[in-house]
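First the structure, in the form of structure tokens, and then the observations on it.
The values are calculated or read from the model by the stated rules, or taken from the named source; none is laboratory data. Note that this is a predicted model, so its numbers are computed, not measured. Methodologically, a virtual Cβ is constructed for each residue, glycine included, from the backbone with ideal geometry; neighbour enumeration extends over all protein chains shown. Heavy atoms of the whole protein, side chains included, go into the accessibility calculation; ligands, DNA and RNA do not. Shrake-Rupley method; radii C 1.70, N 1.55, O 1.52, S 1.80 Å.
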Amino acid sequence: TCVALRADIDALAVPDGVDSPFRSSYEGVAHACGHDVHTAVLLGTAMVLARMAADGLLTHRVRLIFQPAEEVMPGGALGVIAAGGMEGVRRIYGLHCDPRLPVGEVGLRVGALTAASDRILVRVTGQGGHTSRPHLTGDLVYALATLVTEMPAALSRRVDPRSGMSLVWGRITAGSAANAIPARGEAEGTLRCLDVNAWKLAAELVPTLAGQLIAPYGVEVSTEVTHGVPPVMNDPEAIAVLKRAVELSLGPDAVASTDQSLGGEDFAWYLEHVPGAMARLGVRAPGVDNAADLHTPGFDADEDAITSGMMVLASCALLD
């Protein structure tokens, strides 16, 4: 058996707004979630462990997983698992950048670290027509706008409020002219939930509510719910190993607590097979009070976080 260490390697379709030597060389694409840091951390960890193995100081196998497609639901972790990447693994660990924590700190949490996450795509169709005669065509844009604004509230009344369900739209498209009612429109977003049971209910609930909200306007609606990932559930024993690794490599003051996030993370699929844990790696530079968040053009990680991450993962691999 072996211990696995995982880094995700993909970028995002987000422009790079950081002026630095390592900014993205591709227009409209950037490592705005810190996956380049994760990759560098694991590469550095590999170098440390290889040197220790050559000196006879590494007494057990360690598997390094460089995983693509974390940002694409339901996640590249499923491909790694299908290819046999988890065979013989008894525990798995990972780090994820967190701009809320200063560099040199690592956030730990037992239990749920992230939320379940789904992709929602709603398509609305009608016959289209002139804006002077909406009663003869079905006002598709108004219907789509009603669905977009009312769906989150409707969901909140159909699930337990303690489930923390949140629907946020990221894309709405319809029409091309001010005086023409279009025949097609779409809305796309993400539905996130802290409770697994409510998450499973959403696949049936969202299409039902979409039909009910659109019904008065004389247009048709179809809904696709792409199940994403379950919550990352950190194993208590794995967190204990991580805590010890942080204390030994960075000092006891480096251990920080962290809250459950509504973000989705396909590291959860690995934890369906073996116990493990993910930690939050502090990347906020000294003197910066309001660091840009993940998935924004201004996200920028302090490079010293790479060294911190290497020390933690290498220690973790040695301790487990």
Inset, instruction - Output the residue which, of all residues in region 162-189 that are open to solvent by less than 40 Å² (accessible area, probe 1.4 Å) and of a type in the set (Ser, Thr, Tyr), is farthest from residue 210 (Cα to Cα). - result: 163
Legend entry - Residue ID - farthest from residue 72 (Cα to Cα), chosen from residues in region 1-36 that are aliphatic (A, V, I, L, M) and open to solvent by 30 Å² or more (accessible area, probe 1.4 Å): 29
Inset, instruction - Kindly check whether there is at least one residue in region 152-173 that is modelled with pLDDT of 95 or more and part of a loop (DSSP other than H, G, I, E, B). - result: no
Inset, instruction - Select from region 90-119 the residues that are of a type in the set (A, V, I, L, M), within 17 Å of residue 35 (Cα to Cα) and assigned to a strand (DSSP E or B) and list them in ascending order. - result: 95, 101, 106
Inset, instruction - List the strands (runs of 3 or more DSSP E) that sit entirely inside region 203-320 and contain at least 1 residues that are surrounded by fewer than 18 Cβ atoms within 10 Å (Cβ to Cβ). - result: 220-229, 255-257
Legend entry - Pick from region 37-79, criterion under 14 Å from residue 308 (Cα atoms) and either touching a His at 6+ places or on another chain (Cβ under 6 Å) or not hydrophobic (A, V, I, L, M, F, W, C) (or both), ranking: surrounded by the most Cβ atoms within 10 Å (Cβ to Cβ): 38
